[in-house]
Amino acid sequence: MRAGKITVSGFFERFGIVMILLLICAVLSVLTPSFLNIRNFSNIFRQVSITGIISVGMAFVIITGGIDLSVGSIAGVTAMVATSLAHPGEYPLFVSLLAGVAVGVAAGAVNGVLIAYGEVPPFITTLGMMTLLRGVAQLYNNGRPIIDLSDAYTAIGGGFLFGVPNPVIIFVVIILLGVVLLHYTKFGRHVYAVGGNEQSARVSGINVRRVKMIVYMITGFVSAVSGIIISSRVMSGSPIAGEGYEMDAITACVIGGASLSGGEGSVLSTVIGALIVGVLKNGLDLLKVSSYWQQIVKGIIIIAAVLIDITTKKKRR
């Protein structure tokens, strides 16, 4: 075979996920004509932007061989803190935004410390934080939502710039930052090295603990951004904001080819995975498929993606 020639299997490995997304779009456009409506696509991108932002951060964690189940709860706490400081005429907008982001990064740092320095398994750590932070969100305002938000705050999730929804613009910025950080920096190479073989990474001089600490702070940051967007869109801070988003983010990463054992994955593939999840949900909603069946479909997709990953790895050995 000549050098540079792409085989059929190589082509599907590189572009298969894009072809799956296009195939799903084609099928849905036949089953429901309203799917191709421009307004519907705007709704898809706006909704995907929230889970997609979290998915970008989740990709970093999964590539290191970890998991973060607390992202939805971090979004919920962030929503409560940020909206409590976003009432009209009280504080400048940047105060509520900085407070929300600080809470998210701090929560991610706690996860990072426990996992990297306390050597507590990521699943246990983030599961505990998921429960703890959801309780904090409930206690923050005695289980009541926070309303009466400033126009500047609600514009974050409900406004437009040159006809493009603000959440989509924020999503694109996060994607670009994620691509640069993961694929074009030394830190990104260290993330892959830690996920590929932690012991080898440590022997080669990589500060494994610092890498783990930073990736969980990244998920805390993106979760905070999503929490702000969610509360801005619904014009209230809800203690249940972000519930279930951790599963959507993990699903997007797995569909995008990130290996749960670490060392594999990319930001752009994760974004395509998030789009597949969003398009499927939107299409099933248009087809009036029960939410119960939608959960079943999502579960099947996760299991299938993991089986494909395991099968692919066995073939490479």
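The numbers here are math on the coordinates, done by the rules we state, and not lab data. No experiment lies behind these values; they were computed from the predicted model shown. Ideal geometry is used to build each Cβ from the backbone, glycine not excepted, and the neighbour counts take in all protein chains shown.
Points worth noting:
- Per-peptide average of other Cβ atoms within 10 Å, ordering 182-188, 46-52 highest first: 46-52, 182-188
- The distance separating the Cα centre of region 117-139 from that of region 147-212 comes to 21 Å.
- With the alpha-carbon atoms of region 39-316 aligned to their principal axes, the span from lowest to highest coordinate is 56, 44, 35 Å, starting with the largest.
- Relative contact order %, region 80-176, counting alpha carbon pairs below 8 Å whose residues are six or more apart: 30
- 3J(HN,Hα) along region 101-114: 5, 4, 5, x, 5, 5, 4, x, 5, 4, 4, x, 5, 5 Hz, from the Karplus curve 6.51 cos²θ - 1.76 cosθ + 1.60 with θ = phi - 60°, whole Hz, x for Gly and Pro.
- Within the chain: Cβ-based charge dipole about Cα centre, in debye rounded to nearest 20 (Lys, Arg +1; Asp, Glu -1): 1120
- Percentage relative contact order, the chain, counting C-alpha pairs under 8 Å, at least six apart: 32
- The stretch between Phe123 and Leu31 holds 29.2 nm of extra length on full extension. This uses 0.36 nm per residue minus the Cα-Cα distance.
- Most to least packed among 257-266, 105-114, 195-204 [average Cβ atoms within 10 Å]: 105-114, 257-266, 195-204
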